[in-house]
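Just so you know, all these numbers are worked out from the coordinates, no wet-lab data involved. All values reported here derive from a predicted model rather than from experimental measurement. Counting neighbours? That spans all protein chains shown, and the Cβs are built from the backbone with ideal geometry, glycine included.
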Number of protein chains: 2
Amino acid sequence: MTEPADTKSPKGFLFSVAEAAVKKPGRKDIALIVSEVDANMAGTFTTNTVKAAPVRICMLNIKSGRGRAIVVNSGNANACTGTQGLKDAGEIASHISHHLGVKSSLSYVCSTGVIGTPLPMSRITPALDILIENAGNYSFIDVAKAIMTTDTFPKITSQEVKIGKKTGVIAGICKGAGMIQPNMATMLCFIITDIAVERKALQTLLNDSVKRSFNRITIDGDMSTNDTVLLMANGMIGNKPITAKSGYTKAFKSALDKVTYELARLVVKDGEGATKLIEVFVKGAGNETHAEKAAFAVANSNLVKTAIYGNDANWGRIMCALGYSGVPFREDKTDIFFNGTKVVSGGISNNKDKEATGILKSKEIKITVDLHSGKYSASVLTCDLTEDYIRINAEYRT
Amino acid sequence: MTEPADTKSPKGFLFSVAEAAVKKPGRKDIALIVSEVDANMAGTFTTNTVKAAPVRICMLNIKSGRGRAIVVNSGNANACTGTQGLKDAGEIASHISHHLGVKSSLSYVCSTGVIGTPLPMSRITPALDILIENAGNYSFIDVAKAIMTTDTFPKITSQEVKIGKKTGVIAGICKGAGMIQPNMATMLCFIITDIAVERKALQTLLNDSVKRSFNRITIDGDMSTNDTVLLMANGMIGNKPITAKSGYTKAFKSALDKVTYELARLVVKDGEGATKLIEVFVKGAGNETHAEKAAFAVANSNLVKTAIYGNDANWGRIMCALGYSGVPFREDKTDIFFNGTKVVSGGISNNKDKEATGILKSKEIKITVDLHSGKYSASVLTCDLTEDYIRINAEYRT
């Protein structure tokens with residue numbers, strides 16, 4: 001995969017990566033993002049009852065709405081590790097904060113990888129010193145690479161925002177691949193900006209943005225223990241902080257939404273074993289919740305996903321998934337389209353299966369379902385389900 | 001696969017199979033079960049909003065609690081076929097009833113196979129005459145074979161029940177393989193008995209039995225449009241009809257439960273592409289609903305199912321699934337066992353992963369989760385998720 005060449009970087013952030021041999025040696029698997037000044041922070045976290053130790057630490061720190069650094073490792077999720085896990089995550093945050101000369105609560109710690117094994121602290125602690133030492137010698141995409149697990153390419157994007165005569169940047173990276181599921185962030189996503197945003201507004205803007213991006217994607221319906229989205233705004237361009245009602249709120253929001261949607265799209269595109277990106281667009285629903293629920297039922301159906309993998313326009317499986325979604329609808333009013341070709345009209349076949357089979361050979365498929373029972377819609381992104389998904393997940397720890 | 005040799009047959013039932021080339025020629029794909037006398041009938045049906053035409057006909061007929069014949073085809077589900085589908089299903093029932101000289105509503109019609117294509121009535125109608133002509137020339141297992149789609153072996157079982165000095169038989173067949181999911185029957189299951197059971201009691205006994213058998217299995221989390229369980233009791237042994245409070249109710253119930261559980265187990269064992277049967281047993285739950293919900297979350301997790309396929313004792317994925325099940329529980333109180341070997345104690349690793357990996361090589365795996373927060377339990381049967389599942393479902397219609 002080629003690297004996105006046009007990624008802009010916001011002012012006042014330093015990056016660093018190092019090798020801690022968390023799972024095995026041979027790659028940079030720990031990374032640091034540090035702002036030159038204390039920043040406002042917002043975050044959203046997994047809603048799984050089983051939360052990894054670093055998630056619990058982040059949820060505690062985010063209450064202050066302030067932060068200076070994010071340290072993140074791949075190879076080990078530090079989840080289901082009990083008291084030891086909390087102690088380890090806390091130590092990592094303290095270690096970084098101590099070096100930076102800031103309060104411990106200003107460092108955020110994130111982990112991704114295998115569940116249930118304690119972190120190898122004897123290798124992580126020295127790596128933290130190396131991270132600090134090299135801060136500024138790496139770029140944001142190096143961090144994106146260091147946090148990859150089964151990802152096949154680093155995920156990064158950015159947007160410029162004009163704030164009066166100043167120009168700010170919002171840049172984001174994330175990792176995904178498996179265990180991506182509604183009602184949560186993605187696995188790990190870090191967004192940084194040099195635009196000043198008031199704390200409460202920052203959190204509201206992030207919540208809204210995540211709702212229609214990371215919370216509208218699904219790969220295997222499994223919800224991770226570690227999912228975290230962190231947003232840091234260090235205000236280095238010197239604008240008057242954006243509030244809920246500023247003149248520039250709309251411009252900031254629009255750019256932030258583009259960043260989160262693009263990252264969410266990249267996560268699905270790189271779904272484990274995926275060969276196709278699928279958008280399930282449900283319209284004509286009685287309300288947005290119904291539209292979303294129906295879209296998720298279709299997007300999470302193993303039978304729909306394998307049919308699309310096999311270029312089979314088996315729309316019966318879509319009707320079937322709608323039928324068990326719990327959403328009230330009339331079968332005989334429902335239309336289904338593949339990339340604009342109507343295959344189902346009023347609940348029955350349009351005899352376009354052959355044409356649709358051709359359409360399914362493309363890399364991006366849009367399934368549109370029109371329930372004709374209201375004016376609300378929702379779109380969910382997913383990918384096909386392939387033998388490679390099985391292989392990746394059957395052999396993940398070996 | 002060898003046929004079960006010891007299946008007993010209840011008195012007064014005739015069987016017949018024929019070739020209607022529903023999907024393609026070359027196999028017996030339509031079958032008839034007919035009782036020599038009118039029988040009491042009970043039934044449970046899919047809860048999918050999208051119900052196939054034959055399901056709607058059966059749901060109408062079952063209100064009388066009476067029946068004489070069941071006709072069933074494989075190769076085409078007659079689902080999402082609109083008014084035409086209802087007309088076709090109705091015609092099949094009428095045709096059989098006319099031949100038998102009984103009311104149309106006494107014939108039940110079932111279909112399984114591809115969704116969205118009208119039945120080939122020009123081939124089915126003549127096959128119905130052949131079915132009637134040959135009634136009695138075939139056995140129950142021939143019917144079990146005729147209703148197979150992606151099943152790899154026919155599913156049949158029976159139980160004898162002593163009712164005073166008389167001995168009755170409950171025998172059942174079913175088909176399954178894919179689209180097996182909670183809150184419904186299985187794809188198609190037909191149970192016949194020569195024991196007389198009062199109509200209302202028969203329905204209650206069936207509901208109870210299905211609740212802990214077919215409604216506690218899952219293969220891919222997809223819920224079919226056609227699932228039907230029909231139970232016919234023709235009373236040919238001449239016992240005094242069993243009611244809710246008879247002395248023999250318990251014996252009948254116990255035998256019926258054995259039949260439904262065994263058929264449900266066979267369905268999971270023959271799950272599409274499955275190499276292993278997995279029982280997820282959740283105990284120590286605050287109530288039975290919680291136990292069931294937690295067990296289903298684990299049993300439906302693609303990540304758990306692929307790990308077990310790969311002989312990977314990745315219990316973190318089980319904790320993770322419990323965490324998003326929506327069931328309240330304490331991570332630090334939870335124990336997990338694989339076939340009796342404790343791998344998780346109070347939410348953290350017992351360092352038995354290597355031993356557990358050996359255990360996972362067996363063909364039947366029992367995952368026990370003890371939540372230690374109550375005295376209720378539930379067991380859900382599922383199977384592993386393999387490359388073959390993908391292959392079967394990507395190529396199903398080709």
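How big is the range B:277-394 along each principal axis, measuring the range of its Cα positions in Å and listing the largest first?
Principal-axis extents of the Cα atoms in the range B:277-394, largest first: 41, 30, 20 Å.
How do A:104, B:213 rank when sorted from fewest to most other Cβ atoms within 10 Å of their own Cβ?
Ascending Cβ contact count within 10 Å gives the list A:104, B:213.
Whose Cβ in chain B comes nearest the axis that rotates B onto A, and by how many Å?
B:387, 2
Running Debye on the range B:1-52 with equal point scatterers at the Cα sites and no solvent, what base-10 log of I(q)/I(0) appears at q = 0.29 Å⁻¹?
-1.02
Dividing the alpha-carbon radius of gyration of the range A:13-269 by 2.2 N^0.38 Å (N being the number of residues), what value is obtained?
Against the empirical 2.2 N^0.38 Å value, I get 0.92 for the range A:13-269.
What's the exposure ranking of A:121, B:232, going from fewest to most Cβ atoms within 10 Å?
Sorted ascending by nearby Cβ count, the order is A:121, B:232.
Once the cut-off is 36 Å, how many percent of the Cα-Cα pairs in the protein assembly as shown end up in the long-distance tail?
49 percent
Check the straight Cα-Cα distances from residue A:162 and name the lysines below 22 Å, setting aside those fewer than 8 residues away within the same chain.
Filter leaves A:8, A:11, A:200, A:240, A:245, A:250, A:253, A:258.
Mean separation of Cα pairs under 8 Å and 6+ residues apart, divided by the residue count of chain B: what relative contact order is that in percent?
Taking the mean separation of contacting Cα pairs over the length of chain B, I get 16 percent.
Any lysines with Cα under 20 Å of the residue A:354 Cα? List them, leaving off those in the same chain fewer than 8 positions away.
A:276, A:305, A:342, A:363, A:366, B:23, B:24
Out of all DSSP beta bridges with both ends in the protein assembly as shown, state the antiparallel percent to the nearest 5.
Bridges in the protein assembly as shown are about 70 percent antiparallel.
Working from the pairwise distances between different alpha carbons, so that the mean of 1/r is found and then inverted, what is the range A:50-151's Kirkwood radius in Å?
13.8 Å
Find the cysteines in the protein assembly as shown that fail to meet the 4.7 Å Cβ criterion with every other cysteine, and list them.
Taking the Cβ cut-off of 4.7 Å, the unpaired cysteines of the protein assembly as shown are A:58, A:80, A:110, A:320, A:383, B:58, B:80, B:110, B:320, B:383.
What do you get for Rg/Rh over the range A:202-361 if you use C-alpha atoms and the Kirkwood form of Rh?
Ratio value, two decimals: 1.06.
Give the distance, in whole Å, between the Cα centre of the range A:301-365 and the Cα centre of the range A:46-84.
40 Å
As a footprinting exposure proxy, order B:45, A:329 by other Cβ within 10 Å, with the fewest listed first.
B:45, A:329
Per DSSP H run of n ≥ 4, the term is -39500 (n - 2.57); total these for chain B, divide by its residue number, and report the mean residue ellipticity at 222 nm rounded to 500 deg cm²/dmol.
Helices in chain B give a 222 nm mean residue ellipticity of -9500 deg cm²/dmol.
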